[in-house]
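The values are calculated or read from the model by the stated rules, or taken from the named source; none is laboratory data. Predicted model only: the values in this text are computed from it and were never measured. Positions of Cβ are generated from backbone atoms using ideal geometry, with glycine treated the same way; all protein chains shown enter the neighbour counts. Note: accessible area is taken over every heavy atom of the protein model, side chains too, but ligands, DNA and RNA are not part of it. Shrake-Rupley method; radii C 1.70, N 1.55, O 1.52, S 1.80 Å.
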Amino acid sequence: MHLRDEAEAVLRAWDVLERERGGEPVVDFDCAPVAAEVEAAPDRLWVYRRLRELRGRASGALAVRLDGDLAYLGALLGQRRSLDEYVRATQGCAAAGWPEEYVVERGEVARAALESLDVSWGPDTVAELEHLEGPLPVEAAGEAIRRAAERYEPAVRALTGATASYRLAIEAVEVDAYWAFWLDGAGEDVRLRLNLTNARFTEAGARRFALHEVLGHGLQSVGIGAHGADAPWPRLLSVHVPYQVALEGLAQAMPLFVAADDPVLTACVRLDHYVQLVRSELHLAVNDGADPVTCADHARARVPWWRDRAIADQLTDRGADPSLRSYLWAYPTGLDWFAALAEADTKVIEKVFHALYRAPLTPAELAVLHPAGPPFGGPGRPVRLRPAAVP
């Protein structure tokens, strides 16, 4: 058996194990599904030993992927690496952070974009923005997203050179999780879940998430599978490996590339860029032992519409959850890089997007395509919040 195929077999068995025990899936999109039923791995230690043995024989893209799997599984087994070491292994970049003056600058850009739409900056920002976006009934959200995907699909295919076809299913669920929308699937089958616990539906939001989930994650994942028959990397996309910076960055920034004439969507991207950088500050702070109340005060000063419940969840996710401690760092890192890419030469943009719809790329591989881009994970010098007092 090919070494990549051995790795895929172990990862699928691990995925079944986690799903059966009620844990987080290991595989979020299976680009090359198998017909045979997959038997669950006996336990996590068995998986860890098998992955470590495979890593000893691997090189290149497969080795990078297995390093991420081993780091994440090690965390599930109780291993506690430093944040920077853990993120380097799982997301392929540093957890250096961004200087305070850069975060403030991105906030000023976001504020200006909102003010151009007559949306104020303060406790009511989100409510005003949602009103501007146009409220959408829950029962109409799925069809609105589907129509928006059909509208933007030609432009995305022209940008990316994507030719793969896909089948989209949209489901409504209620899950106690941070996400409002989640896309997974296998082969050409793409499933978009709308989390009614967190999602607020608007007309602009439907356009935005059609670009992010369906034409970003969905079409991209199907395209990766279509080009992956002889690839050295496992054709299984997971949030704890170094592809996520590219996948999440591209999806978040997509309006800047194909809907730049939509001022509401572009303003939302500018706002997201700032908010993700603030979240990165909390990510670093909570892993540095900062006092939770100090973190909350800092968060409210940066984002005045946030409430304690949302802040508490963000601190918990970034400090205690082995998956989110890694995965959530991909959002600020990826969006910061792709927001900068939107200002690059069109030939560079086309080269990056064509490559990304054919293979999952790591930050190091993206840097080769666009060496003038900003450093992944930030240049360092983030604001330092006060550590918790020792009782």
Q. Can you pull out the residues in the range 215-257 that are under 17 Å from ALA340 (Cβ atoms) and among the β-branched types (Val, Ile, Thr)?
A. VAL245
Q.
I'm told TRP306 meets every condition in (1) free of Cβ contacts under 8 Å to residues at least 12 places away in the same chain; (2) assigned to a helix (DSSP H, G or I) except one. Can you identify the failing condition by its number?
A. (2)
**Q.** The listed residue being in contact (Cβ under 8 Å) with a residue 12 or more places away in the chain, under 25 Å from LEU219 (Cβ atoms) and assigned to a loop (DSSP other than H, G, I, E, B), out of ALA344, ALA267, ALA246, ALA251
**A.** ALA344
Q: Could you tell me whether the range 1-8 includes any residue that is without any contact (Cβ under 8 Å) to a residue 40 or more places away in the chain, within 30 Å of VAL286 (Cα to Cα) and in a helix (DSSP H, G or I)?
A: no
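So which residues in the range 181-198 are assigned to a strand (DSSP E or B) and not aliphatic (A, V, I, L, M), if there are any at all?
Taking the range 181-198 as the starting set, the residues that turn out to be assigned to a strand (DSSP E or B) are 181-186, 189-195.
Those that are assigned to a strand (DSSP E or B) and not aliphatic (A, V, I, L, M): PHE181, TRP182, ASP184, GLY185, ASP189, ARG191, ARG193, ASN195.
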(Q) Anything in the range 74-125 that is under 15 Å from PRO304 (Cα atoms), in contact (Cβ under 8 Å) with a residue 40 or more places away in the chain and open to solvent by 50 Å² or more (accessible area, probe 1.4 Å)? List them, or say none. (A) TRP121, PRO123, ASP124
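Yes/no matrix, rows are residues, columns are (1) crowded, with 19+ Cβ neighbours inside 10 Å; (2) among the small types (Gly, Ala, Ser); (3) at pLDDT below 95:
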site: ALA310; (1), (2), (3): no, yes, yes
site: GLY334; (1), (2), (3): yes, yes, no
site: VAL348; (1), (2), (3): no, no, no
site: PHE353; (1), (2), (3): yes, no, no
site: THR362; (1), (2), (3): yes, no, no
site: ALA389; (1), (2), (3): no, yes, yes
**Q.** Index of the failed condition, ALA177 passing every other in (1) assigned to a loop (DSSP other than H, G, I, E, B); (2) farther than 15 Å from SER221 by Cα; (3) open to solvent by 70 Å² or more (accessible area, probe 1.4 Å)
**A.** (3)
